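First comes the structure, then the notes that go with it.
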Amino acid sequence: MSAALTVQIDETVLARLDALAAERGTTREQVVRMAVDDLVASADPEGRLFDDWQLTLIDEGFAAAENGDFATDEDVEAVFSKYRA
């Protein structure tokens, strides 16, 4: 089941949207549908968008590094050893 949605889009964006649709041999509606599907699919289970939760993880990694929480040489060697051929 689908539902209609009306949005206002800047004419410049609309022109780019039409160009993308033409390049793909599809309609602007299909391009918008794919973009919305991709955006929704990129959200994690809590509804945060990919770049939001990715930035959170990066910030957590920086904080850990600032606290000196690094892998030891032994930890790194264990991972490399696990995947060496």
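Across region 1-41, counting alpha-carbon atoms alone, Rg and Dmax equal 10.7, 31 Å.
Where only DSSP H runs of four or more residues are counted, the chain gives -21000 deg cm²/dmol as its mean residue ellipticity at 222 nm, each run worth -39500 (n - 2.57).
When the inverse distances between all different Cα atoms of the chain are averaged and flipped, the Kirkwood radius reads 17.3 angstrom. Charges were assigned to the Cβ only: +1 to each Lys and Arg, -1 to each Asp and Glu. The resulting dipole of the chain about its Cα centre is roughly 640 debye. Sparse packing (at most 13 other Cβ atoms within 10 Å of the Cβ) combined with a DSSP loop state is found for the following chymotrypsin sites (Phe, Trp or Tyr not before Pro) in the chain: Phe70.
Only the coordinates and a few stated rules stand behind these numbers; no lab work does. Owing to the predicted nature of the structure, the values given are computational and were not obtained by experimental measurement. Note: ideal-geometry Cβ built from the backbone for every residue, glycine included; neighbour counts use all protein chains shown.
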